[in-house]
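Q: Sharing a structure here in structure tokens format.
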Amino acid sequence: MHVIAAELRAAPGRREELLALCRRMLAPSRAEEGCLSYRFFVDPDDPERVLFFEEWRDRAAIDRHFATPHFRDFQARTADLIDAEPVLRIYRAEPEPAA
């Protein structure tokens, strides 16, 4: 399993537009083959900070996700809504030891 942790920072006055785009990503991303979990959160101490946490079966599923029309559209539309480069980290979960 692979986990994505991504951070976006809304530009001043653009938070609601950014959140609307984030909401539109949920259904199509969750419907993708290999998506195990796809959620976003707003930092309660910094409401301009939006965090995505995603779980994918494997790296190939992530690569397919990055190539989808809805992801490409999200990238293009958020460019004007954020005031910093997105931070993206991809982790690979280690198998748990057998009991």
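Q: Just wondering, is there one or more residues in the stretch 81-98 that are under 12 Å from H2 (Cβ atoms), at pLDDT below 95 and of a type in the set (A, V, I, L, M, F, W, C)?
A: Scanning the stretch 81-98, I find at least one residue that is under 12 Å from H2 (Cβ atoms), at pLDDT below 95 and of a type in the set (A, V, I, L, M, F, W, C), so the answer is yes.
Q: So how many residues does the stretch 1-26 have that are farther than 15 Å from R77 by Cα, over 10 Å from the mean Cα position of the chain (by Cα) and surrounded by fewer than 16 Cβ atoms within 10 Å (Cβ to Cβ)?
A: Here the count works out to 3.
Q: Quickly run through the stretch 27-52 and pick out the residues that are over 10 Å from the mean Cα position of the chain (by Cα) and among the small types (G, A, S).
A: Scanning the stretch 27-52 gives A27, A31, G34, S37.
Q: Return the residues of the stretch 27-48 that are under 16 Å from L81 (Cβ atoms) and either surrounded by 13 or more Cβ atoms within 10 Å (Cβ to Cβ) or in contact (Cβ under 8 Å) with a residue 60 or more places away in the chain (or both); say none if nothing qualifies.
A: F40, V42, E48
Q: Quickly run through the stretch 73-99 and pick out the residues that are of a type outside the set (A, V, I, L, M, F, W, C) and closer than 26 Å to P12 by Cβ.
A: Once the filter is applied, which keeps residues that are of a type outside the set (A, V, I, L, M, F, W, C) and closer than 26 Å to P12 by Cβ, the stretch 73-99 yields D73, Q75, R77, T78, D80, D83, E85, P86, R89.
The values are calculated or read from the model by the stated rules, or taken from the named source; none is laboratory data. Just so we're clear, the structure is a prediction, and the values are computed from it rather than from any experiment. Methodologically, a virtual Cβ is constructed for each residue, glycine included, from the backbone with ideal geometry; neighbour enumeration extends over all protein chains shown.
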